[in-house]
Amino acid sequence: MRMRNKYRKPTTLRCNAAGSRCSKSVAVWSLVGCLLMLHIYYFVHQKDGKRTENQFRMVHDPQLRELQQVEEENIQIPPPRGKRSPRAAKRRPKRPTTIIDEFLDENSQLRSTFFPGEKTAINPMNDAGNDSFFYYPGRIWLDTDGTPIQAHGGGILYDERTRTYYWYGEYKDGPTYHAHKKAAARVDIIGVGCYSSTDLWKWKNEGIVLEAEESNETHDIHKSNVLERPKVVYNEKTGKYVMWMHIDDANYTKASVGIAVSDYPTGPFNYLRSKRPHGFDSRDMTIFKDDDGVAYMVYSSEDNSELHIGPLTEDFLDVTPTVKRVLVGQHREAPALFKHQGTYYMITSGCTGWAPNEALAHAAESIMGPWETMGNPCVVKSKTFRHTTFFSQSTYVIPLPAIPGTFIFMADRWNPADLRDSRYVWLPLIVGGPVDRPLDYNFGFPLWSRVSIYWHRKWRLPQGWNVLK
Ligand code: GAL
C-alpha cells in the first residue's frame, strides 16, 4: 500500500489566500530568472554579433585576407653528418637529431634557413621600391644607419605626445659565453637599446637609454648580471616614462624586477632599484597598460610554474599589494598581453630557455583572471613551425587601432650560439573566429574569439593601418 507522506511538499502551486505570499515570491524569482536569461542571451549575442562582424570583415576585406594567406614551409632534417657541434651534442647525446637540435647547431646545414645571411638583410634605407615596408621574419633587420637592430626581448611604446613608436629591448651586441659549464649562454649587460619609428618599419637608433654599470659589482645592472625584457609605459599623472625589466644574477637566482624612470622616451633612464614583487620570485615579465590608465605587471613565478598579475601603483613605480596567481601549474613564460573589445588576451611560451617551443593563447574577461587557455595560435601547415612558434618566442603584441582586431605579434628567434645575432619575427595576429579547444569557464557558450598568428616569409601592413594617427 502506498503511504501518504504528510510532510511531502506539494508539487503544484496553490493560489489560495494562504499561498499568495508564495506565489508572489515565485513571480519575483521568475522575473529575476527571466532577466538573468535575457542578460546572458544579450551578453552572448553581443559577443557573437561582434564575432560575426569580425569574421565578415576577415573574409571580405582583401587586405586582411592577404594577411591570412599563410606561406608553407617544409624543412627537412638533413641526413646525419660525422661531426656535430658540442652544444647540440651535449643537449641530446643519445637521441636522434630533432629539428630543434638542428636549430641550435651552429654548424647545421639548415643554418641559413633559420638565420639568413647579411645579403638578405632588410635595409629600409635602400630605395626598395616595391619591396618597401615588407617584413621578412628571421632576416637581419637594419636600422636607419645600416646597423642590425639590437632590441631583443623588446616592447613598443606608442608615444602620443611625439606621435612616434619607440622600440626598447636588450642591447646584446657583445660576445656570447657561458658563465660556467652548466650556465645558459649569455651576453654581459650592455643596456637597453631604443629605436624610434613612425611607420613601424624604418627604425632610427636612439642609443642605449639605460646603460650597464661597469665598475660597481654590487649594482643590479653591473655588466655581469642579467637585464631582460625591458618594457616602457608612460604615466600621464607624473609625466614620466617608466621602464620595468627582469633583473637577475648570472645564475638566475635573484629573480627580481628592476624599475627605471625618465622624463623622455629616449632617456636617459635613471635606474631606481630592484625588488621581488609581492615577495615572489619573478623572471620573464611584461607590463600592460589598460585603457583606463592602470598598468599591470605580469611575471612568471614559483620557479616559472605560474604567472602572477597585479596592478602597479598610480605613479607606476611600484606594485600594489593586490596580486592574482593565474595559469597555475602551466609553466608558461614570455607573456605578451593585448586587449580587444573588452577581452584580455595573452600569448605565452613554454619554459625551455633559448630553445623555441609551442606558444599558447589565453583569454580573460578581467585582467586579474580567471585566464582560459585557448590553444596554439600559430597558423601554418608545417607542424615544426607550429610547434616552435616559427622558431621564436613571444615578447610583445602591438595594437593597430585603425584595423580593429589586427595586431603585430613580436617574437625573438634566439641564437644561443651568438645571441647578438638573434632575429626578430614579426607577424600579423588577428582576433576572430571560434577557438579550437573546449574551455572550462564558459558555461557552454563560446565567449572568446580565436587568436591567430599567420606565418609569412614576407608581408606588410595593410594600407591605412595608421590612419587614426
Ligand atoms: C628564456 C627566457 C629568456 C631568457 C632565457 C635564458 O626562458 O624567456 O628571456 O631568460 O630563458 O636562458
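Scanning the range 123-158 for residues that are closer than 23 Å to Glu236 by Cβ, buried (at least 17 other Cβ atoms within 10 Å of the Cβ) and more than 16 Å from the ligand (Cβ to nearest atom) yields Ile156, Leu157. Just so you know, in the range 332-375 the residues that are surrounded by 17 or more Cβ atoms within 10 Å (Cβ to Cβ), under 25 Å from Asp101 (Cα atoms) and free of Cβ contacts under 8 Å to residues at least 40 places away in the same chain include one that is farthest from the ligand (Cβ to nearest atom), and it is Leu360.
Could you please let me know if Asn205 is modelled with pLDDT of 95 or more, of a type outside the set (Ser, Thr, Tyr), more than 16 Å from the ligand (Cβ to nearest atom) and not in a loop (DSSP other than H, G, I, E, B)?
Numbers: modelled with pLDDT of 95 or more: yes; of a type outside the set (Ser, Thr, Tyr): yes; more than 16 Å from the ligand (Cβ to nearest atom): yes; not in a loop (DSSP other than H, G, I, E, B): yes.
Yes; evaluated as a whole, the condition is true for this residue.
Taking the range 143-163, which residues are in a strand (DSSP E or B) and more than 18 Å from Val242 (Cα to Cα)? Reasoning before the result, please.
Taking the range 143-163 first, the residues in a strand (DSSP E or B) are 148, 152-159.
Selection gives Pro148, His152.
Among residues of the range 85-111 that are within 21 Å of Lys181 (Cα to Cα), none has a beta-carbon under 7 Å from a residue that is at pLDDT 95 or above and loosely packed, with under 14 Cβ neighbours inside 10 Å at least six positions away or on a different chain.
Meeting the requirement of 3 or more residues that are within 16 Å of the ligand (Cβ to nearest atom) and not charged (D, E, K, R), the strands (runs of 3 or more DSSP E) wholly within the range 245-324 are 256-262, 285-289, 295-301.
The single condition from (1) away from the ligand (no atom under 16 Å from the Cβ); (2) aliphatic (A, V, I, L, M); (3) over 14 Å from the mean Cα position of the chain (by Cα); (4) at pLDDT 95 or above that Ile403 fails is (4). Note on the range 60-142: enclosed helices (runs of 4 or more DSSP H) holding 1 or more residues that are at pLDDT 90 or above and within 26 Å of the chain's Cα centre (by Cα) are 62-68, 99-104, 111-114.
Checking each residue in the range 164-202 for being assigned to a loop (DSSP other than H, G, I, E, B), touching a Ser or Thr at 6+ places or on another chain (Cβ under 7 Å) and more than 16 Å from the ligand (Cβ to nearest atom) picks out Thr198, Lys202.
When residues in the range 166-197 are screened for being in contact (Cβ under 8 Å) with a residue 60 or more places away in the chain and among the hydroxyl-bearing types (Ser, Thr, Tyr), 4 of them pass.
The values are calculated or read from the model by the stated rules, or taken from the named source; none is laboratory data. Since this is a predicted model, take the numbers as computed values, not measurements. For neighbour counting, all protein chains shown are included, and Cβ atoms are generated from backbone atoms with ideal geometry for every residue, glycine included.
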